[in-house]
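Okay, so here's the structure we're looking at.
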Amino acid sequence: MSAAGVPAPARGGMTAREIGFLIAVGAITVLAGALHFARAPAVAAFLAATGALGGMAWVVSFATEQVGERF
């Protein structure tokens with residue numbers, strides 16, 4: 001536990017900031033899908049999908065680093 005009484009992340013665990021970013025990536029991904037199926041303007045759907053794709057690239061990068069630390 002840290003001094004503030006909040007449990008510290010385990011070795012190789014995710015920090016609160018990383019968890020927040022992962023939640024944001026999930027929300028943007030859902031938004032992109034909703035915009036696509038709601039027949040929203042193409043530019044809005046494209047921008048949301050671009051953000052989702054960039055976030056997913058971060059997720060893959062983060063997961064690769066975690067596996068590398070583990071093994």
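Structure summary
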| item | result |
| --- | --- |
| The stretch 33-71: number of residues that are assigned to a helix (DSSP H, G or I) and free of Cβ contacts under 8 Å to residues at least 12 places away in the same chain | 19 |
| Residue list for the stretch 11-70, restricted to those being polar (S, T, N, Q) and surrounded by 11 or more Cβ atoms within 10 Å (Cβ to Cβ) | Thr29, Thr50, Gln66 |
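A short reminder: the numbers here are calculations on the coordinates, not readings from a lab. These numbers come from a predicted model, not from an experiment. Every residue, glycine among them, receives a Cβ derived from its backbone with ideal geometry; neighbour counts consider all protein chains shown.
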